[in-house]
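Structure first, commentary second.
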């Protein structure tokens with residue numbers, strides 16, 4: 001926890017005094033980066049090929065369900 005507190009202090013010193021939204025954004029981004037790095041370290045990632053395959057299947061399922069609904073309303 002001490003490390004996180006020091007990181008926030010360092011970040012605060014680099015930002016203007018009226019930068020409340022900037023502060024929130026920077027904290028959010030830092031947290032997401034840390035989570036992503038932990039996911040990589042623990043193997044919770046997909047290869048490019050696997051990601052494309054999963055997205056392709058999801059997009060195909062979405063497209064075919066919409067096409068079916070369109071055909072059902074025309075008949």
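What follows is calculated from the coordinates using simple rules that are stated; it is not laboratory data. Note that the coordinates shown come from a computational prediction; the quantities given were computed from them, not determined experimentally. Every residue, glycine among them, receives a Cβ derived from its backbone with ideal geometry; neighbour counts consider all protein chains shown.
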Give me 52, 13 ranked fewest to most by other Cβ atoms within 10 Å of their Cβ, as a rough exposure proxy. 13, 52
For the range 1-44, convex hull of alpha carbons as volume per residue, Å³: 67
Say each of residue 23 and residue 66 gets a label point 7 Å from the Cα, pointing the same way as Cα to Cβ; how far apart are those two points in nm? 4.3
How big is the range 34-75 in terms of Cα radius of gyration and Dmax, in angstroms? 17.0, 53
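Using 1/(1 + (r/R0)^6) with R0 = 22 angstrom and r between the beta carbons of residue 58 and residue 37, what's the FRET efficiency to the nearest 0.05? Each step should come with its number before you reach the end.
Values: r = 26 Å, r/R0 = 1.18.
It comes out at approximately 0.30.
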Per 10 Å bin, what percent of the C-alpha pairs of the chain does each bin hold, from zero upward? 15, 24, 19, 19, 15, 7, 1
